[in-house]
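In what follows, a structure is listed as structure tokens, so that the remarks can point back to it.
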Amino acid sequence: MRKKYVIFDFDGTLIDTNELVLNSWQAVYEHYRGVPGDPDVIYATFGEPLWTSMEALFPEVDTEEAIRIYRKYQMESWEKEIRIFPGLRELVEAIRASGRSASIVTSRMRATTLQYLDVFGIRGMFDVIITADDTTIHKPNPEPVLIALKRLGADAADAIMLGDTRFDIGCANNAGVESVLVTWSFPVSPEEMARQGFTPCHVIDRPEELLELI
């Protein structure tokens with residue numbers, strides 16, 4: 001067994017929340033500026049803790065108030081704007097059937113992470129779920145993955161992490177965990193990732209490709 005512990009990012013890797021997150025940001029832009037935000041600017045924040053992104057994009061407003069607007073939209077719209085990526089349920093099932101462990105490390109808050117997992121009936125498939133509530137130090141710092149490894153009783157050499165953003169790849173790299181860039185959320189080339197300062201160990205286009213790596 002080359003890799004026993006498989007760690008998933010959540011948004012954009014396991015669950016497709018892209019539409020929901022984009023529209024939540026647009027609700028904030030419309031409220032404060034009266035015009036939509038540039039989707040490319042918004043997409044560049046994906047994978048980063050919300051508080052950090054909000055302070056950077058809206059330094060002139062009260063961050064807590066802006067986050068309340070963002071989350072209000074999410075609470076009202078999430079059921080119709082999220083889905084599990086095709087093939088991901090089957091991938092997690094195959095990982096567990098092979099005797100491996102599946103876990104999640106995300107910058108999302110615990111309440112909505114668990115809520116979304118429950119709606120798809122997959123919460124019980126994951127041995128450890130690390131969220132933004134579990135640490136004050138976030139991706140690409142290695143701390144979230146190191147916390148997961150500690151709770152799993154696992155060595156970094158025995159783990160592999162999947163993610164769709166530079167924050168995920170950086171977190172895995174910094175923790176000494178083999179990293180996998182997935183492209184089913186947004187097509188990101190290894191060259192573009194390298195320009196951002198991060199280099200994935202692998203790039204996969206389809207979930208089943210992971211089984212060949214591990």
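Derivation of every value follows stated rules applied to the coordinates shown; laboratory data play no part. What you are looking at is a predicted structure, and each value in this text was computed from that prediction instead of being measured. Virtual Cβ from ideal backbone geometry, glycine too; neighbours counted across all protein chains shown.
Could you tell me whether segment 18-81 comes out rounded, prolate or oblate from its Cα gyration tensor? Rule is a ≥ b ≥ c as square roots of the eigenvalues, rounded for a/c under 1.5, then prolate if a/b exceeds b/c, otherwise oblate.
Values: a/c = 1.37, a/b = 1.23, b/c = 1.12.
Cα axes put segment 18-81 in the rounded bin.
Please report the net charge: other residues with Cβ closer than 15 Å to the Cβ of R68, K and R +1, D and E -1. Don't skip to the end; give the middle numbers.
Details: positive: R71, K72; negative: E30, E55, D62, E64, E65, E76.
Taking every other residue near R68 into account, the sum is -4.
Please check the chain for the longest run free of GluC sites (Glu not before Pro) that are loop-located per DSSP (anything but H, G, I, E, B) and have at most 15 other Cβ atoms within 10 Å. Please list the in-between numbers first.
Working: sites that count: E60, E208.
Longest site-free region, per DSSP loop and neighbour criteria: 61-207.
Find the Rg to Rh ratio for segment 58-147, where Rh is the Kirkwood radius over alpha-carbon pairs and Rg uses the same atoms. Could you put the intermediate results ahead of the total?
Details: Rg = 15.5 Å, Rh = 15.1 Å.
Over the Cα atoms of segment 58-147, Rg/Rh equals 1.03.
Going 7 Å from the Cα of D133 in the Cα-to-Cβ direction, what parts of segment 1-40 have a backbone nitrogen less than 18 Å from that spot?
The answer is 10-11.
Using a simple charge model, +1 on the beta-carbon of Lys and Arg, -1 on the beta-carbon of Asp and Glu, nothing else, what dipole does segment 80-159 show about its Cα centre, in debye to the nearest 20?
Details: 11 positive and 10 negative charges, 39 e Å.
It works out to roughly 180 debye.
In the chain, what % of DSSP beta bridges are antiparallel (nearest 5)?
Numbers: 2 of 21 bridges.
Looking only at bridges with both residues in the chain, the antiparallel portion is about 10 percent.
So for the chain, taking the charge dipole from beta-carbon charges (+1 Lys/Arg, -1 Asp/Glu), which of T136, P187, M75 sits furthest toward the positive end?
T136
Looking at segment 1-86, which trypsin sites (Lys or Arg not before Pro) are in a loop (DSSP not H, G, I, E or B) and have at most 14 other Cβ atoms within 10 Å? Walk me through the intermediate numbers first.
On the way: sites: R2, K3, K4, R33, R68, R71, K72, K80, R83; in loops: R2, K3, K4.
Of the trypsin sites (Lys or Arg not before Pro), the ones in loops of segment 1-86 whose Cβ has at most 14 other Cβ atoms within 10 Å are R2.
Please work out the Cα center distance from segment 73-148 to segment 164-182, rounded to the nearest Å.
16
Tell me what the chain gives for mean residue ellipticity at 222 nm when only DSSP H runs of n ≥ 4 count, each as -39,500 (n - 2.57), the sum divided by the residue total, rounded to 500 deg cm²/dmol. Don't skip to the end; give the middle numbers.
Numbers: 10 runs with 99 residues, N = 214.
When only DSSP H runs of four or more count, the value is -13500 deg cm²/dmol.
Counting only other residues whose beta carbon sits under 10 Å from that of F58, what net charge do I get with K and R as +1, D and E as -1? All intermediate terms of the calculation are to be shown ahead of the outcome.
Details: positive: R33; negative: E55, E60, D62, E65.
Around F58, the surrounding residues sum to -3.
For E178, list long-range residues whose amide hydrogen, built 1.01 Å from N in the peptide plane, is under 5 Å from its own amide hydrogen.
Amide H to amide H, under 5 Å and 5 or more residues apart or across chains, E178 pairs with A159, M161.
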